[in-house]
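The block underneath contains the structure these notes are about, expressed in structure tokens.
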Amino acid sequence: MANKVGDSGRGRSQAVHRALKRAILDQALSPGAKLPEDSIGERLGVSRTLVREALVRLSEEGLVDLRPNKGATVARPTLEEGRNLFLTRMALERLVVETLSGKLTREQIEVLSAHIAAEEASKQEHATSIRLAGEFHTLLAHMTNNASLIRYVNELVARSSLILALYGRPHSSECAVSEHQEILDDLIAGKTDKAVKLMAHHLDSITTRALLPKEEDRNIKDVLSAYAAAEGLA
């Protein structure tokens with residue numbers, strides 16, 4: 001019985017983490033937004049302990065800032081941190097491309113093609129478009145079967161969403177989707193050098209975008225309603 005209770009607690013803790021992370025990646029919670037444990041716990045129907053565990057985990061992933069006596073906020077990286085982040089991503093994703101070039105299975109190609117189709121379908125929704133664009137890169141990393149590469153690319157891609165929210169302007173989704181398709185085509189054909197150059201250009205262009213207009217802060221309980229329902233929370 002104890003194990004079942006423990007498994008249930010872990011499951012709810014993971015659900016809280018996923019709900020908050022998705023809200024951040026979707027830009028429903030803006031960089032700098034306060035994350036009060038009591039409001040989050042009330043909205044998600046969980047204890048403050050579970051909320052705190054999720055916030056600590058998100059802090060380790062670079063998505064949340066935890067400050068003593070000041071509570072938690074969505075991380076607000078500087079532009080310089082953003083530039084450094086994308087430089088690191090370029091190096092890691094070069095390795096991803098080199099690892100996968102000419103080695104994608106038919107099943108992997110089908111998964112990536114389906115994802116690109118989903119990107120195309122969501123190109124009018126800016127936040128969703130950014131999230132799906134990031135997931136394309138994490139899918140590629142996952143396909144390398146390199147645990148370290150998967151972990152670091154996942155973390156950098158997630159943190160990139162904050163950079164885009166702060167320093168990006170609405171990009172041409174058509175262009176982004178077409179570049180993903182070109183990268184996939186080059187990987188299938190084993191054109192490693194071409195794929196590496198395109199990936200570098202693709203990531204470099206993100207750092208040169210103008211500042212996004214910001215919406216006013218929204219009530220955190222209202223923001224988290226849909227994410228709570230998606231995770232089976234209150």
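Candidates are the residues of the stretch 156-177 that are assigned to a helix (DSSP H, G or I) and open to solvent by 50 Å² or more (accessible area, probe 1.4 Å); the one that is modelled with the highest pLDDT is Arg159. Scanning the stretch 26-44 for residues that are open to solvent by 40 Å² or more (accessible area, probe 1.4 Å), modelled with pLDDT of 90 or more and farther than 16 Å from Lys70 by Cβ yields Glu42, Arg43. Can you spot a residue in the stretch 219-229 that is hydroxyl-bearing (Ser, Thr, Tyr) and at pLDDT below 95? Yes; the residues of the stretch 219-229 include at least one that is hydroxyl-bearing (Ser, Thr, Tyr) and at pLDDT below 95.
Of the set (1) over 30 Å from Ser225 (Cβ atoms); (2) among the hydrophobic types (A, V, I, L, M, F, W, C); (3) surrounded by 14 or more Cβ atoms within 10 Å (Cβ to Cβ), all apply to Leu79 but (3). Among the residues of the stretch 132-155, those identified as part of a helix (DSSP H, G or I), of a type in the set (S, T, N, Q) and farther than 19 Å from Glu179 by Cα are Ser148, Asn154. Does the stretch 144-155 include one or more residues that are under 26 Å from Gly32 (Cα atoms) and either buried (at least 18 other Cβ atoms within 10 Å of the Cβ) or in contact with a strand residue (DSSP E or B) (Cβ under 8 Å, 6 or more places away or on another chain) (or both)? Yes, some residue in the stretch 144-155 is under 26 Å from Gly32 (Cα atoms) and either buried (at least 18 other Cβ atoms within 10 Å of the Cβ) or in contact with a strand residue (DSSP E or B) (Cβ under 8 Å, 6 or more places away or on another chain) (or both).
Close Cβ contacts (under 6 Å, 6 or more residues apart or on different chains) running from residues in the stretch 15-34 that are in a loop (DSSP other than H, G, I, E, B) to residues that are among the polar types (S, T, N, Q) and open to solvent by 30 Å² or more (accessible area, probe 1.4 Å) comprise Gly32/Thr73.
In summary, Ile130 fulfils each of the numbered conditions (1) within 17 Å of the chain's Cα centre (by Cα); (2) among the β-branched types (Val, Ile, Thr); (3) open to solvent by 30 Å² or more (accessible area, probe 1.4 Å) with the single exception of condition (3). Listed conditions (1) under 30 Å from Ile188 (Cβ atoms); (2) of a type in the set (Asp, Glu); (3) at pLDDT below 90 are all met by Glu98, apart from (3). Residues of the stretch 118-145 that are at pLDDT 95 or above and either in contact with a Ser or Thr (Cβ under 7 Å, 6 or more places away or on another chain) or more than 18 Å from Glu93 (Cα to Cα) (or both): Thr144 alone. Selection within the stretch 181-204: residues that are open to solvent by less than 60 Å² (accessible area, probe 1.4 Å) and modelled with pLDDT under 95. The member of this set that is farthest from Thr88 (Cα to Cα) is Leu198. Of the residues making up the stretch 55-80, those that are free of Cβ contacts under 8 Å to residues at least 60 places away in the same chain and assigned to a helix (DSSP H, G or I) are Leu55, Val56, Arg57, Leu58, Ser59, Glu60, Glu80.
Just one of the listed residues (Leu85, Leu104, Leu112, Leu92) is touching a residue at least 24 places away in the same chain (Cβ under 8 Å), open to solvent by 20 Å² or more (accessible area, probe 1.4 Å) and closer than 23 Å to Ser129 by Cβ, namely Leu92.
If only residues of the stretch 1-17 that are closer than 15 Å to Val56 by Cβ and at pLDDT 80 or above are counted, the one that is surrounded by the most Cβ atoms within 10 Å (Cβ to Cβ) is Val16.
The values are calculated or read from the model by the stated rules, or taken from the named source; none is laboratory data. Keep in mind the model is a prediction, meaning the values are calculated, not measured. Cβ: placed from backbone, ideal geometry, glycine included. Neighbour counts: every protein chain shown. SASA here: full protein model, heavy atoms, side chains in, ligands and nucleic acids out. Shrake-Rupley method; radii C 1.70, N 1.55, O 1.52, S 1.80 Å.
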